[in-house]
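Just below is one structure, and these are the notes that go with it.
The values are calculated or read from the model by the stated rules, or taken from the named source; none is laboratory data. Because the structure is a prediction, the values reported are computed rather than measured. Methodologically, a virtual Cβ is constructed for each residue, glycine included, from the backbone with ideal geometry; neighbour enumeration extends over all protein chains shown. The area values use the complete protein model at the heavy-atom level, side chains included, leaving out ligands, DNA and RNA. Shrake-Rupley method; radii C 1.70, N 1.55, O 1.52, S 1.80 Å.
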Amino acid sequence: MARGRFITLEGGEGAGKSTHIRHLAAWLQQRGIEVVTTREPGGTEGAETIRSLIVEGSVDRWDAVTETLLLNAARHDHITRLIRPALERGAWVLCDRYVDSTLVYQGTAKGVALETLLQLHTLSTGPLWPDLTLVLDLPPEIGLARAAGRHGIETRFEAHDIRFHEALRQGFLDLAHRFADRCAVVDASTPVADVSAAIEAVVSKRLGL
Ligand code: TMP
């Protein structure tokens, strides 16, 4: 059995990642592919417990290094118990956020050195890099309004000011440029059906479907 493919969706708050993971999963399943959808932080029982520590509470509950270590602890559990076994049995794994969120939120926005984050990534995952990362890009005002309309301010991260969210957007665009072989930027400000079509086109082209 061939190893499955690992696709991550990234972007700022309210970019539509969970909607598009659902659409992409259905589209792949129609092609006879076994799909596992998951998210970070979280995805396994232990990692979901760590997720609550990371996303709930006041903005300054953790400093950036503690937050990074918690994220990597959750990621190691997630990779070991869910993602790697799924890929090994041939399933395609679609993950809502992964290492690029750490590189941008804890790195670009909160100042942890890239070298440190890459070393931790190796320790936590092997390193395991995605086969394809879709960066859903949209202006942060639109994303934050969407996220707040859905559930109010839910996570510690949504409560940061707009400059923080603008830095995140630029951080994701810079990463997509730096890792251009792995990443594709999708304009997420267009209607949902257009975004889905754009995602399907990228997956077909990059992963040969
Ligand atoms: P979500 O709301 O998209 O599920 O993500 C939860 C929050 O966790 C989101 O605000 C971004 C943040 N986060 C990080 O800061 N670093 C990470 O590595 C990950 C995976 C998420």
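Please specify each residue of the range 102-123 satisfying the condition of being open to solvent by less than 10 Å² (accessible area, probe 1.4 Å) and polar (S, T, N, Q).
Scanning the range 102-123 gives THR102, GLN106.
Looking only at the range 44-59, which residues are modelled with pLDDT of 95 or more and open to solvent by 30 Å² or more (accessible area, probe 1.4 Å)?
Those that are modelled with pLDDT of 95 or more and open to solvent by 30 Å² or more (accessible area, probe 1.4 Å): GLU45, GLY46, GLU48, THR49, ILE50, ARG51, SER52, LEU53.
Is it true that THR49 is over 24 Å from LEU114 (Cα atoms), away from the ligand (no atom under 11 Å from the Cβ) and in a helix (DSSP H, G or I)?
Considered against the rule, which asks whether it is over 24 Å from LEU114 (Cα atoms), away from the ligand (no atom under 11 Å from the Cβ) and in a helix (DSSP H, G or I), THR49 comes out as yes.
Residues in the range 1-34 that are within 16 Å of the ligand (Cβ to nearest atom), in contact with a helix residue (DSSP H, G or I) (Cβ under 6 Å, 6 or more places away or on another chain) and open to solvent by 20 Å² or more (accessible area, probe 1.4 Å): how many?
2
Where residues in the range 130-142 are in a loop (DSSP other than H, G, I, E, B) and touching a residue at least 60 places away in the same chain (Cβ under 8 Å), which of them is most open to solvent (accessible area, probe 1.4 Å)?
ASP131
Search the range 5-46 for residues being in a loop (DSSP other than H, G, I, E, B) and closer than 18 Å to ARG75 by Cβ, and hand back the single one that is nearest to the chain's Cα centre (by Cα).
This residue is GLU40.
Under 6 Å by Cβ, and 6 or more places apart or on different chains, what pairs join a residue from the range 188-209 that is under 20 Å from GLU13 (Cβ atoms) with one that is charged (D, E, K, R)?
ALA188/ASP137
For the range 152-184, enumerate the residues that are within 14 Å of LEU138 (Cβ to Cβ) and either at pLDDT below 85 or open to solvent by 20 Å² or more (accessible area, probe 1.4 Å) (or both).
Within the range 152-184, ILE162, GLU166, ARG169, GLN170, LEU173 qualify.
Quick check: anything in the range 187-203 in a strand (DSSP E or B) and buried (at least 18 other Cβ atoms within 10 Å of the Cβ)?
Filtering the range 187-203 for residues in a strand (DSSP E or B) gives 187.
From the residues that got through so far, the ones that are buried (at least 18 other Cβ atoms within 10 Å of the Cβ) too are none.
No, the range 187-203 has no match at all.
Yes/no per residue for (1) within 13 Å of the ligand (Cβ to nearest atom); (2) farther than 24 Å from ALA2 by Cβ; (3) not in a helix (DSSP H, G or I):
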| position | (1), (2), (3) |
| --- | --- |
| GLY57 | yes, yes, yes |
| THR68 | yes, yes, no |
| HIS78 | yes, no, no |
| LEU82 | no, no, no |
| LEU87 | no, no, no |
| LEU94 | no, no, yes |
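State yes or no: is THR155 among the β-branched types (Val, Ile, Thr) and more than 14 Å from THR68 (Cβ to Cβ)?
yes
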